[in-house]
Amino acid sequence: MSFIELLKKGNTSSGIAALGNTFLAIVKGIAAFISGSGAMFATTLHSVADATNQGFVYFGSALAEKEPTKRFPAGFGRVVNLFVLIAVIVISIMAYETIHKGWELIQHPKASTNLWLNIGILLLAVVIDGLVLIKAMKEILHETRAKATGLSLIPSAFKNVNLASPPTRLVFYEDIIATFGALLALFSIIIANSTGLYYLDGVGTMLIGILLIIIAVKIGYENTIGLIGVTAPKEVVDRVASIIFSDSDVIDIKKLRILQEGRRYHVESYLELKKGLTLADADDIKFRVRDSLLNDPDIADVTLGIIEADDVQNWVIGEPNQGTT
């Protein structure tokens with residue numbers, strides 16, 4: 001697979017977000033230089049961090065789509081977690097710089113100039129970041145196969161975000177902070193210029209930095225456990241079990257292990273079949289179930305075993321199961 005073909009498979013949300021935030025970083029940077037606003041400087045750094053992160057993550061998500069090789073038989077799914085962790089380092093550096101700038105403005109408050117330029121650019125930032133956020137929400141629903149329209153898109157996205165791929169989660173969380181940060185910077189600038197309390201510009205700047213730290217810790221934790229290797233969420237386990245039980249010859253699941261790598265899952269399971277089947281029949285059923293599982297685009301590979309039925313029901317979909325490891 002060529003490099004261009006890999007790029008086409010990269011995470012759409014992170015690619016769009018990287019382009020949008022690159023544009024915003026340039027526009028905000030010019031405004032911050034002209035006006036001297038600390039809050040505008042903070043939100044500029046935020047856009048720089050977002051553009052860098054999401055660019056990293058886009059390339060990481062594309063590399064994660066490489067086919068397994070003899071040297072790497074499990075594939076490259078965890079590469080995207082590594083790229084997201086690099087993005088977390090960038091977020092942390094930008095958070096420090098933002099808090100440092102905010103503290104300086106609190107200690108030495110000063111009026112910013114070109115108020116209407118700042119307001120116009122921050123309103124533009126709210127619109128662009130908001131559109132990217134909506135795109136990320138739609139991507140969450142697409143990846144998790146959830147259905148929602150209109151305003152129900154928002155609660156559904158929050159409900160299912162933990163089931164989305166690492167790049168989509170990163171874009172979602174970052175653009176929540178980006179949209180909120182632009183609004184916060186907008187209010188800080190307006191209030192500071194209206195009341196003469198110019199230290200509020202610094203307060204808004206520090207709050208944006210603190211929000212960046214919170215998101216860095218959350219994303220860093222999620223992707224660290226992703227690099228180690230983590231079991232699939234319960235919703236995915238239930239979905240896989242439902243596919244297995246959809247075969248009429250399968251009567252029970254003795255064991256089911258699903259390992260998540262990036263946005264793909266590796267399935268290993270031992271099944272109990274109806275009694276009285278020949279070995280050839282059992283093989284046919286095993287391959288039939290395997291093919292059904294591989295039809296799910298989120299499942300990368302499947303290993304199945306057949307064991308003798310013990311007349312004890314080990315698996316009930318929707319309930320905690322002892323056979324999960």
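The values are calculated or read from the model by the stated rules, or taken from the named source; none is laboratory data. In this text the structure is predicted, and so the values were computed from the model without any measurement. Every residue, glycine as well, gets a Cβ built from its backbone with ideal geometry; the counts of neighbours run over all protein chains shown.
Within the stretch 85-131, if we keep just the residues that are small (Gly, Ala, Ser) and in contact (Cβ under 8 Å) with a residue 60 or more places away in the chain, the residue that is surrounded by the most Cβ atoms within 10 Å (Cβ to Cβ) turns out to be Ala125.
Candidates in the stretch 45-76 are the residues that are touching a Phe, Trp or Tyr at 6+ places or on another chain (Cβ under 8 Å) and outside any loop (DSSP other than H, G, I, E, B); of these, the one that is surrounded by the fewest Cβ atoms within 10 Å (Cβ to Cβ) is Leu63. The set of residues from the stretch 128-152 being assigned to a helix (DSSP H, G or I), farther than 17 Å from Leu19 by Cβ and not charged (D, E, K, R) comprises Met137, Ile140, Leu141, His142, Thr144, Gly150, Leu151, Ser152.
A residue that is more than 22 Å from Ser188 (Cβ to Cβ), modelled with pLDDT of 80 or more and among the polar types (S, T, N, Q) occurs nowhere in the stretch 101-117. Of the residues making up the stretch 16-34, those that are surrounded by 21 or more Cβ atoms within 10 Å (Cβ to Cβ) and in contact (Cβ under 8 Å) with a residue 40 or more places away in the chain are Ala17, Ala18, Gly20, Asn21, Leu24, Lys28, Ala31. Taken together, Ala125, Ala42 contain a single residue that is over 29 Å from Val230 (Cβ atoms) and either part of a loop (DSSP other than H, G, I, E, B) or modelled with pLDDT under 80 (or both), which is Ala42. When you look at Asp238, is it under 19 Å from Gly75 (Cβ atoms), acidic (Asp, Glu), within 24 Å of the chain's Cα centre (by Cα) and surrounded by fewer than 18 Cβ atoms within 10 Å (Cβ to Cβ), yes or no? In short, no.
In the stretch 153-255, counting only helices (runs of 4 or more DSSP H) that sit wholly within it, the ones holding 2 or more residues that are charged (D, E, K, R) and not assigned by TED's automatic domain parsing to the domain that holds Trp116 span 234-245. Selection within the stretch 256-292: residues that are in a loop (DSSP other than H, G, I, E, B) and not β-branched (Val, Ile, Thr). The member of this set that is modelled with the lowest pLDDT is Gly262. The listed residues are Ala241, Ala178, and the only one of them that is touching a His at 6+ places or on another chain (Cβ under 8 Å) and aliphatic (A, V, I, L, M) turns out to be Ala178.
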